[in-house]
Amino acid sequence: MLRAFFISLSESRSLRALAERSSIGQRVSARFVAGTQVADVLQATSAVNQRGMGVSIDNLGENVTNAEEARESAQLYHQLLDEISARKLNANISLKLTHMGLDVDENLACELVSGLVAKAASSNPRNFVRVDMEGSAYTQRTLDFVHKLHRIPGNQECVGAVIQSYMRRAESDIDALLSEGIRIRLCKGAYKEPPEIAFQAKSEVDANYVKLMKILMKSGIYHGLATHDEKIINHAKAFATRENIPHDAFEFQMLYGIRRDLQRRLAKDGWRMRVYIPFGTEWYPYFMRRLAERPANVLFVARNLLRR
């Protein structure tokens with residue numbers, strides 16, 4: 001019930017406008033969002049790198065309504081790729097297709113994302129673009145984009161997909177991606193979906209995550225396991241040991257500001273760890289979905305609101 005409540009709030013345009021202009025909202029979101037400017041996220045990235053962990057940078061935003069906004073977003077990602085290369089940061093980028101204009105013009109989105117993947121592929125060292133998954137209305141088009149981009153000569157290993165374990169179609173989508181050697185980030189899913197599309201019970205989502213995780217870990221392709229669930233993480237570690245899967249054959253991924261103790265512990269123990277760091281002014285939908293995912297985050301926000 002709490003999850004559904006916060007997902008509903010994430011879709012409220014009026015609350016979003018109010019929160020993103022509010023100094024209180026910006027203060028409590030700072031735990032999960034690394035500021036609003038490129039300089040802010042680069043500073044956060046450097047700090048995470050110094051603790052022995054990689055980063056995936058996300059310029060927050062979705063569902064732009066015109067081509068100019070889409071091009072501005074793409075240009076900022078070009079700047080990020082330049083900065084990552086110049087500063088020799090251990091970081092890649094994550095983006096949403098609706099932030100690249102998918103709702104405006106599919107050809108425009110394809111042009112913009114293709115340009116970013118080409119830039120990542122030609123960077124020294126080569127970089128990587130993760131195409132984030134959005135709600136189920138975009139699932140097939142998003143996967144079609146990734147397949148198309150990956151088939152372009154030179155793009156192999158420079159573009160990847162995201163699969164959500166709460167989606168009933170997840171296993172068949174993974175099979176199709178693996179058949180082309182595409183790298184996958186596996187997460188649980190944070191959008192409100194009907195029962196015919198997505199598992200509703202946490203136990204079902206978790207069980208499917210573990211099932212899909214094992215498929216990915218045995219595929220011989222470098223994937224990311226995105227979860228803060230320590231029970232699942234321990235399951236992955238035990239499975240890797242049992243199947244003789246090297247520590248550097250996959251990575252754990254977690255969100256900026258969540259379970260920082262566990263992030264540091266995994267890195268210290270020799271597991272590969274990547275932190276997903278979002279930044280930007282359009283933080284509200286992302287922030288509310290984080291509250292929906294994990295009740296402990298609600299308590300953190302409440303404590304901060306009570307501070308003077």
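Please work out which residue is nearest to the chain's Cα centre (by Cα), limiting yourself to region 130-158 and to residues that are farther than 23 Å from Pro195 by Cβ, modelled with pLDDT of 95 or more and of a type in the set (Asp, Glu). Selected residue: Asp132. Name the residues in region 115-129 that are surrounded by fewer than 18 Cβ atoms within 10 Å (Cβ to Cβ) and at pLDDT 95 or above, would you? Within region 115-129, Gly115, Ala118, Ser122, Ser123, Arg126 meet the criteria. For the subset of region 222-250 comprising residues that are out of contact with any Phe, Trp or Tyr (no Cβ under 9 Å at 6 or more places or on another chain) and outside any helix (DSSP H, G or I), which member is modelled with the lowest pLDDT? Taking the candidates together, the pick is His228. Looking only at region 140-189, residues that are among the polar types (S, T, N, Q) and farther than 25 Å from Leu112 by Cα come to 3 in all.
With respect to being under 24 Å from Asp40 (Cα atoms), assigned to a helix (DSSP H, G or I) and either acidic (Asp, Glu) or over 18 Å from the mean Cα position of the chain (by Cα) (or both), Glu72 fits the description. Residues in region 66-86 that are surrounded by fewer than 17 Cβ atoms within 10 Å (Cβ to Cβ), touching a helix residue (DSSP H, G or I) at 6+ places or on another chain (Cβ under 7 Å) and of a type in the set (Gly, Ala, Ser): Ala67 only. Selection within region 288-308: residues that are farther than 28 Å from Leu216 by Cβ and assigned to a loop (DSSP other than H, G, I, E, B). The member of this set that is modelled with the lowest pLDDT is Arg308. Within region 49-63, the set of residues being at pLDDT 95 or above and either over 16 Å from the mean Cα position of the chain (by Cα) or small (Gly, Ala, Ser) (or both) comprises Asn49, Gln50, Arg51, Gly52, Gly54, Ser56.
Candidates in region 146-201 are the residues that are assigned to a loop (DSSP other than H, G, I, E, B) and among the β-branched types (Val, Ile, Thr); of these, the one that is surrounded by the most Cβ atoms within 10 Å (Cβ to Cβ) is Ile182.
Residues that are over 22 Å from Ile163 (Cα atoms), surrounded by fewer than 16 Cβ atoms within 10 Å (Cβ to Cβ), of a type outside the set (Asp, Glu) and in contact (Cβ under 8 Å) with a residue 40 or more places away in the chain do occur in region 277-291, at least one of them.
Residues in region 251-287 that are of a type in the set (A, V, I, L, M) and either touching a Cys at 6+ places or on another chain (Cβ under 6 Å) or assigned to a helix (DSSP H, G or I) (or both): Leu262, Leu266, Ala267. Suppose we keep only residues that are in a loop (DSSP other than H, G, I, E, B) and of a type in the set (D, E, K, R) within region 114-135. Which one would you say is farthest from Ala226 (Cα to Cα)? Looking at the filtered set, the residue picked out is Arg126.
Here's the yes/no breakdown for (1) under 23 Å from Ile57 (Cα atoms); (2) in contact (Cβ under 8 Å) with a residue 40 or more places away in the chain; (3) among the small types (Gly, Ala, Ser); (4) out of contact with any Leu (no Cβ under 8 Å at 6 or more places or on another chain):
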site	(1), (2), (3), (4)
Ser94	yes, yes, yes, yes
Leu97	yes, yes, no, yes
Ala109	yes, no, yes, no
Ala121	yes, no, yes, yes
Arg168	no, no, no, yes
Ser172	no, no, yes, yes
Ala201	no, no, yes, yes
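Considering the conditions (1) of a type in the set (A, V, I, L, M); (2) assigned to a helix (DSSP H, G or I); (3) closer than 19 Å to Glu157 by Cβ, Ile57 is excluded by exactly one of them, (2). Residues that are in a helix (DSSP H, G or I) and either of a type outside the set (A, V, I, L, M, F, W, C) or surrounded by fewer than 23 Cβ atoms within 10 Å (Cβ to Cβ) (or both) within region 87-101 comprise Arg87, Thr98, His99, listed in sequence order.
The values are calculated or read from the model by the stated rules, or taken from the named source; none is laboratory data. Predicted model only: the values in this text are computed from it and were never measured. A quick note on method: Cβ atoms are made from the backbone with ideal geometry, for glycine too, and the neighbour counts reach across all protein chains shown.
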